[in-house]
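K.L.:
Pasting a structure here, questions to come.
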C-alpha cells in the first residue's frame with residue numbers, strides 16, 4: 001500500500017510541477033529573424049499569435065506592428081494608419097478568403113469595407 005501511495009504522490013507531483021511555466025513574451029526585446037525598418041517617429045508593438053483578442057486564429061507566431069507618428073491623433077493624415085506582418089511558425093497556404101476570415105475575429109473589423 002505504501003508503494004501505491006508513493007507512486008500516486010509522484011504522479012500528482014509530476015502533473016503539478018512538471019509543466020512548463022508560462023513565459024511572458026517581450027515584443028520590445030524580441031529579435032526578429034527578418035529585417036523590417038522602423039521609420040523615424042514610428043512606434044512598434046509585437047505580440048504572440050494566437051492573439052489574445054482573437055483566439056480562433058489557428059496559427060502560431062508573432063504579429064509585428066508599426067504605428068505611424070499620427071496613429072492616435074484624429075487631426076492627422078495618418079490617423080489610425082499602421083503596417084503589420086505575421087511571422088508564423090510554419091508554412092501556410094492562403095488566399096484572400098483565408099486572409100479575410102482571419103481578420104474577421106478582430107474587434108475593430110468593419111465588414112462594410114470588404
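K.L.:
Note the full-extension length gain between residue 65 and residue 28 as 0.36 nm times their separation in residues minus their Cα-Cα distance, in nm to one decimal.
P.N.:
Full-extension gain reported as 12.2 nm.
K.L.:
How many nm separate the modelled label positions at residue 98 and residue 36, each set 7 Å beyond the Cα in the direction of the Cβ?
P.N.:
1.8 nm
K.L.:
How would 64, 24, 78, 89 line up from fewest to most surrounding beta-carbon atoms within 10 angstrom?
P.N.:
Fewest to most other Cβ atoms nearby, the residues stand as 24, 89, 78, 64.
Where a number appears in this text, it was derived from the coordinates with a stated rule and is not lab data. Owing to the predicted nature of the structure, the values given are computational and were not obtained by experimental measurement. Counting neighbours? That spans all protein chains shown, and the Cβs are built from the backbone with ideal geometry, glycine included.
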